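Data block below; observations after.
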Amino acid sequence: MSTETFNKENLDNILKELGKEYKKLGGKNMPAEIILIGGAAVIENYGFRDMTTDIDAVISASSMMRDAANNVGERLSLPVGWLNDDFKKTDSYSTKLSEVSVYYKSFYGVLDVRTVTAEYLIAMKLKAGRKYKNDLSDVVGILAEHKKNGSEITKEQIFTAIEALYGSADNIPEDSKAFITGLLERRNYEAVYDEIRNNEKASKTLLVDFEKAYPNTLKTDNVNNILAALKAKKPKDRGAR
């Protein structure tokens with residue numbers, strides 16, 4: 001197997017290989033737990049998004065897990081860092097995630113995999129609120145699937161989840177709060193999904209081009225301002241042609 005992206009089918013197979021390798025290295029004496037978050041949690045739980053480029057997780061395991069992940073990655077030709085907990089360094093991380101996670105699957109009796117349910121996934125995506133990733137489109141996709149299957153997610157559920165993870169809705173970006181409030185009022189999830197996803201892709205393209213022109217300029221604390229400036233500049237550029 002060689003892959004640069006992960007989908008539900010190959011992810012389950014890779015996690016199975018990870019459990020097998022971890023057990024082989026001695027993990028039977030130190031069981032591990034992984035909580036899938038972000039894109040991995042979305043593709044495991046929903047059908048609207050078919051892939052992610054890496055596996056973000058909260059990892060509770062011995063140092064052998066890193067060796068197991070590296071071994072599996074080399075054997076299956078996976079991207080470097082295919083399994084990582086870099087998420088812990090972001091504002092979206094919360095120590096409460098372990099408390100609100102739910103069981104997904106176990107592999108070889110040594111690896112328990114958990115995931116995060118809809119309202120908490122939405123809360124995390126709103127906390128991140130990146131307009132150049134899948135954050136907002138994932139929120140719309142989750143809401144659309146729940147509406148379609150008759151288990152709609154309410155505003156109360158989402159804001160309760162936000163408070164559980166981050167203490168208060170005041171700790172969520174203002175534009176994220178405006179986005180989710182307006183979205184829940186209109187409930188036109190399927191109608192706006194493609195538009196929002198296309199906007200995310202266009203935003204990413206703008207930032208990639210900017211990074212090529214101005215290397216090492218983009219930072220977490222300036223990316224939104226730079227993106228806004230690039231978007232404001234585009235109509236002028238088109239009009240000047």
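The values are calculated or read from the model by the stated rules, or taken from the named source; none is laboratory data. Quick caveat, the model's predicted, so the values are computed rather than measured. Note: ideal-geometry Cβ built from the backbone for every residue, glycine included; neighbour counts use all protein chains shown. All accessible areas refer to the heavy atoms of the entire protein, side chains included, with ligands and DNA or RNA removed. Shrake-Rupley method; radii C 1.70, N 1.55, O 1.52, S 1.80 Å.
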Do we find a residue being in contact with a helix residue (DSSP H, G or I) (Cβ under 7 Å, 6 or more places away or on another chain) and among the β-branched types (Val, Ile, Thr) anywhere in the stretch 200-216?
no
When only residues in the stretch 107-143 that are more than 14 Å from the chain's Cα centre (by Cα) and open to solvent by 10 Å² or more (accessible area, probe 1.4 Å) count, which is nearest to Val208 (Cα to Cα)?
Arg114
Single residue of the stretch 84-106 satisfying the filter (in contact with a strand residue (DSSP E or B) (Cβ under 7 Å, 6 or more places away or on another chain) and assigned to a loop (DSSP other than H, G, I, E, B)) that is most open to solvent (accessible area, probe 1.4 Å):
Asp85
For Lys177, all conditions in the list (1) within 17 Å of the chain's Cα centre (by Cα); (2) part of a helix (DSSP H, G or I); (3) surrounded by fewer than 20 Cβ atoms within 10 Å (Cβ to Cβ) hold save one; what is the number of the exception?
(1)
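For the subset of the stretch 144-170 comprising residues that are in a helix (DSSP H, G or I) and within 19 Å of Ala191 (Cα to Cα), which member is most open to solvent (accessible area, probe 1.4 Å)? Give the steps one after another, and end with the answer.
Initially, the stretch 144-170 is screened for residues in a helix (DSSP H, G or I), giving 144-148, 155-166, 169-170.
Imposing the further condition that a residue be within 19 Å of Ala191 (Cα to Cα) reduces the set to 144-148.
Values: Ala144: 16, Glu145: 54, His146: 30, Lys147: 81, Lys148: 165 Å².
Selected residue: Lys148.
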Here is a check on your reading of the model: is Gly167 touching a residue at least 24 places away in the same chain (Cβ under 8 Å), on the phi > 0 side of the Ramachandran plot and out of contact with any strand residue (DSSP E or B) (no Cβ under 7 Å at 6 or more places or on another chain)?
no
Single residue of the stretch 52-83 satisfying the filter (open to solvent by less than 20 Å² (accessible area, probe 1.4 Å) and part of a strand (DSSP E or B)) that is farthest from Ala41 (Cα to Cα):
Val58
